[in-house]
1. Among the residues of segment 16-44 satisfying the criterion of being touching a helix residue (DSSP H, G or I) at 6+ places or on another chain (Cβ under 7 Å) and assigned to a loop (DSSP other than H, G, I, E, B), which is surrounded by the fewest Cβ atoms within 10 Å (Cβ to Cβ)?
2. If you check 79, 36, 60, 32, which single one turns out to be modelled with pLDDT of 95 or more and closer than 19 Å to residue 4 by Cα?
3. Restricting to segment 1-15, name every residue that is more than 14 Å from residue 76 (Cβ to Cβ) and outside any helix (DSSP H, G or I).
């Protein structure tokens, strides 16, 4: 990943609704969620969410696909992996023992295989730490 790509990803993640949407999509796993369900769970207007998801998609953090009349969004785990790798590439001047196993542990947790549905996710709940505060 180039520096400008990392900067675009960080800029995309620097807004609370976009960060919450990405976290929700990571929880949803590789199947993703319909745009309407994301908007409902995050209490965001669909048109506003569309803008946010477009920014995340251009940053390589989510992908969309059409299924019938719905647009389904899913986390791009490869893009997330590349961003984490970009951050950790030179961890502790190449001395992995100083990093305390952070890189292998975090990288193993990043990917579709690590996204087995959790009971709360299957019922459509979003934790308070994931969902942004409702806007007035």
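1. Restricting attention to segment 16-44, the residues satisfying the condition of being touching a helix residue (DSSP H, G or I) at 6+ places or on another chain (Cβ under 7 Å) are 17-22, 24, 27-30, 32-33, 35-36, 38-39, 41-42, 44.
Next, from what is left, pick out any that are assigned to a loop (DSSP other than H, G, I, E, B): 29-30, 32, 44.
Numbers: 29: 20, 30: 14, 32: 21, 44: 21.
The extreme case among them is 30.
2. Working: 79 fails: modelled with pLDDT of 95 or more; 36 fails: closer than 19 Å to residue 4 by Cα; 32 fails: closer than 19 Å to residue 4 by Cα.
Of 79, 36, 60, 32, the one residue that is modelled with pLDDT of 95 or more and closer than 19 Å to residue 4 by Cα is 60.
3. If we filter segment 1-15 for residues that are more than 14 Å from residue 76 (Cβ to Cβ), which is where we start, we get 2-4, 6-7, 10-11, 14-15.
Those that are more than 14 Å from residue 76 (Cβ to Cβ) and outside any helix (DSSP H, G or I): 2, 14, 15.
The values are calculated or read from the model by the stated rules, or taken from the named source; none is laboratory data. None of these values were measured; they are calculated from a predicted model. Note that we place each Cβ from the backbone using ideal geometry, even for glycine, and neighbour counts take in every protein chain shown.
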